[in-house]
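Visitor: Could you have a look at this structure, given as C-alpha cells, before my questions?
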Amino acid sequence: MKKKFNFLPNQYKDTSVFKINHNYLKEQFSDNSEIMKKIQKLNHNTDYTLGAEVDRFEDNIKKITDSKYAIGVGSGTDAITLSLKALGIGIGDEVITPSFTFYGTIGAIAMTGATPVFVDIKQDLNIDISLIEKSITKKTKAIVPVHWSGLICDMKKINTLAKKHNLYIVEDACHAILAERDHKKAGYYSDAACFSLHPLKNLNVWGDGGFVITNKENIKRKLSLSRNHGLISRDICHEFSGNSRLDTIQAIVANQLIKKIDKITKNRIKNAKKYDQYLSQLKDIEIPTRYHNTRHVFHIYSIKANKRDLLLKYLQKNGIDAKVHYPIPMHLQPAAKKLKLNKNNLKITEETSKKIISLPVHEFITDKQIKFVSKKILDFYK
C-alpha cells in the first residue's frame, strides 16, 4: 500500500497516549453547547464565509489588542504573506527575520517572492536586534520579528532601526495574543502584527485561522481586498487576488474563546512561573531570559537542556509529552537549499536547536502535574 503523505493522523495517535499532554483540546471544548447552538443558527443564516460572526470577531479583537483595525484571514501564515504583499514586498526584495522560528514565518516570506535574511537570536530566544543593522542591504524592505513563545521583542528598538533605514515592520505575533512589553501590545510599533488561531494556540479554533491587526487604514483596506479575491462587491474585482477568508464557523469558536482568553493567559503565566521555580536550581537546565517589563504569555514553555535527546526520551517514557520546537532551524531545512541565503553567523540559533525542549504549560495542567514533570527532570540529572 502506498504511503500516505498526510503524517498527522498517526502523529495524533502517537501523542494521545501521554498522561500529561501538550494537547488540551478535549478539556477546553468539553462544554461546547454554546458553540453548537451558534453553529445551528449559522445553518439557518448560511453566511458561512465572511459572515456576521467574522465582523463580530474582528470587533472583539480590536478591543483586546488595542488596535484600530482587525482583519480575519485563513491562517497565521497567510496573515504574514498578505501583510507583506500589502506593503508591496515581492520578488527581488529581502526581509530580515530569525531562523529560530516555525516554518510558516519563512514560508510566508518566500510566498511573496522575497528572500529571507536570517539573523541570530539572543538567550531570550528572540532576534538579536544588535545584529540586524549589519544585515541591511539596498534590497532590504522589511523586518519580521518573531515573538517566540509569547515574549514580545523590544519593538521600540526595532522601530527606531526601521525608521532609520526606511523599512517596514510586520510582526509574527502568532504566539503573542495579550503579550505586552512596557505596557504596549503587539502591533503598537509596526505596520502590521500577525496572529494564528491554530487549534493549539492560546486563542484557538477548530481548524486553521488567523488575523492581522494594524493601525493603518490603507493596510486594512488592502488586506480586506486581498483576503477575498480583490472584490469590492459581488460583481466588481478591484485587483486579482486569492482566497484567505476566515470561515464563519471558526469565528464562532474564536468568539467563545475570547471570553476566556484573559483567564487562559493568566493560568499559562502561573504555570510557567512554577516550572521556573522548580527548574532554576539545575545547572543542566538554562531558562531563557525573563524580563520584568514584559507580559510573557507562554504559548510554549521552552528551556535549554544538556543531554536533550536523552531527557526527551526519558520524559516521554514517563508519560510526559515533551517536544522539541524545533530541532532543525530554518536555514538548515531542505527547503532553504533552493534559496540564495546569506551566510550570517547563526551560532546561538544552531546551539539552541540542539538543546531546546518544550514542556506542557497549558491552562489545564495541574500544579501536581507540573511538580511531577519537574521532579522527573530533577531525577534524570541526578
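Visitor: For the subset of the stretch 357-374 comprising residues that are of a type outside the set (Phe, Trp, Tyr), in contact (Cβ under 8 Å) with a residue 60 or more places away in the chain and not in a loop (DSSP other than H, G, I, E, B), which member is surrounded by the fewest Cβ atoms within 10 Å (Cβ to Cβ)?
Guide: Start the filter on the stretch 357-374 by keeping residues that are of a type outside the set (Phe, Trp, Tyr), which leaves 357-363, 365-371, 373-374.
From the residues that got through so far, the ones that are in contact (Cβ under 8 Å) with a residue 60 or more places away in the chain too are 358-363, 365, 367, 369-371, 373-374.
From what is left, the residues that are not in a loop (DSSP other than H, G, I, E, B) are 358-359, 367, 369-371, 373-374.
Values: SER358: 19, LEU359: 24, ASP367: 10, GLN369: 15, ILE370: 23, LYS371: 13, VAL373: 26, SER374: 20.
So the residue we want is ASP367.
Visitor: If you go through the stretch 49-67 one residue at a time, do you hit one that is aliphatic (A, V, I, L, M) and free of Cβ contacts under 8 Å to residues at least 24 places away in the same chain?
Guide: Our first condition is that a residue be aliphatic (A, V, I, L, M); within the stretch 49-67, this holds for 50, 52, 54, 61, 64.
Narrowing the set further to residues that are free of Cβ contacts under 8 Å to residues at least 24 places away in the same chain leaves none.
No: the stretch 49-67 contains no residue that is aliphatic (A, V, I, L, M) and free of Cβ contacts under 8 Å to residues at least 24 places away in the same chain.
Visitor: Out of the residues in the stretch 315-340 meeting the condition of being touching a strand residue (DSSP E or B) at 6+ places or on another chain (Cβ under 7 Å) and in a loop (DSSP other than H, G, I, E, B), tell me which one is modelled with the lowest pLDDT.
Guide: So, considering only residues that are touching a strand residue (DSSP E or B) at 6+ places or on another chain (Cβ under 7 Å) and in a loop (DSSP other than H, G, I, E, B), the one modelled with the lowest pLDDT is LYS340.
Visitor: If you don't mind, there's one more thing I want to ask. Kindly list the number of the only condition in (1) outside any helix (DSSP H, G or I); (2) open to solvent by 40 Å² or more (accessible area, probe 1.4 Å); (3) of a type in the set (Lys, Arg); (4) modelled with pLDDT of 95 or more that fails for LYS304.
Guide: Answer for LYS304: the failing condition is (2).
Visitor: Let me ask something else. Looking at the stretch 101-119 only, could you name the residues that are in a loop (DSSP other than H, G, I, E, B) and open to solvent by 10 Å² or more (accessible area, probe 1.4 Å)? Before the answer, list the steps.
Guide: Just the residues of the stretch 101-119 that are in a loop (DSSP other than H, G, I, E, B), to begin with: 101-102, 112-114.
Residues satisfying the conditions are PHE102, THR112, GLY113.
Visitor: Separate question: If GLY92 satisfies all but one of (1) touching a residue at least 40 places away in the same chain (Cβ under 8 Å); (2) on the phi < 0 side of the Ramachandran plot, what's the number of the condition it fails?
Guide: Here GLY92 meets the rest and fails (2).
Visitor: Among the listed residues GLU94, GLU171, identify the single one that is among the charged types (D, E, K, R), open to solvent by less than 30 Å² (accessible area, probe 1.4 Å) and touching a strand residue (DSSP E or B) at 6+ places or on another chain (Cβ under 8 Å). Steps first, please.
Guide: Details: GLU94 fails: open to solvent by less than 30 Å² (accessible area, probe 1.4 Å).
Checking each option against the conditions leaves just GLU171.
Here's the yes/no breakdown for (1) of a type in the set (Gly, Ala, Ser); (2) within 24 Å of ILE357 (Cβ to Cβ):
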residue: ALA86; (1), (2): yes, no
residue: GLN123; (1), (2): no, yes
residue: PRO145; (1), (2): no, yes
residue: THR160; (1), (2): no, no
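Visitor: Tell me which of these ALA179 doesn't satisfy, since it passes every other one: (1) over 25 Å from HIS331 (Cβ atoms); (2) open to solvent by 30 Å² or more (accessible area, probe 1.4 Å); (3) in contact (Cβ under 8 Å) with a residue 40 or more places away in the chain.
Guide: (2)
Residues are listed down the side, and each one gets a yes or a no for (1) of a type outside the set (Asp, Glu); (2) at pLDDT 95 or above:
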site: LYS4; (1), (2): yes, no
site: LEU8; (1), (2): yes, no
site: GLN11; (1), (2): yes, no
site: ASP14; (1), (2): no, no
site: SER30; (1), (2): yes, no
site: ILE35; (1), (2): yes, yes
site: ASP55; (1), (2): no, yes
site: ILE61; (1), (2): yes, yes
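Visitor: If you don't mind, there's one more thing I want to ask. Looking at GLU58, GLU27, which one is open to solvent by 40 Å² or more (accessible area, probe 1.4 Å), of a type outside the set (S, T, N, Q) and part of a helix (DSSP H, G or I)?
Guide: Working: GLU58 fails: open to solvent by 40 Å² or more (accessible area, probe 1.4 Å).
Every option except GLU27 fails the conditions.
Visitor: Let me ask something else about it. Look at LEU178 and say whether it is on the phi > 0 side of the Ramachandran plot and of a type outside the set (Asp, Glu). Steps first, please.
Guide: Details: on the phi > 0 side of the Ramachandran plot: yes; of a type outside the set (Asp, Glu): yes.
So LEU178 passes the test.
Visitor: If you don't mind, another one. Is there a residue in the stretch 130-145 that is closer than 16 Å to GLY210 by Cβ and touching a residue at least 40 places away in the same chain (Cβ under 8 Å)?
Guide: Keep residues of the stretch 130-145 that are closer than 16 Å to GLY210 by Cβ, which gives 144.
Filter again for touching a residue at least 40 places away in the same chain (Cβ under 8 Å), leaving 144.
Scanning the stretch 130-145, I find at least one residue that is closer than 16 Å to GLY210 by Cβ and touching a residue at least 40 places away in the same chain (Cβ under 8 Å), so the answer is yes.
Visitor: Is it the case, given these coordinates, that PRO145 is under 15 Å from the mean Cα position of the chain (by Cα) and farther than 20 Å from ILE61 by Cα? Outline the logic, then answer.
Guide: Numbers: under 15 Å from the mean Cα position of the chain (by Cα): yes; farther than 20 Å from ILE61 by Cα: yes.
So PRO145 passes the test.
The values are calculated or read from the model by the stated rules, or taken from the named source; none is laboratory data. As the structure is a prediction and not an experimental result, all values here were calculated from the model. When we count neighbours, we look across all protein chains shown, and the Cβ atoms used for this are built from the backbone with ideal geometry, even at glycine. All accessible areas refer to the heavy atoms of the entire protein, side chains included, with ligands and DNA or RNA removed. Shrake-Rupley method; radii C 1.70, N 1.55, O 1.52, S 1.80 Å.
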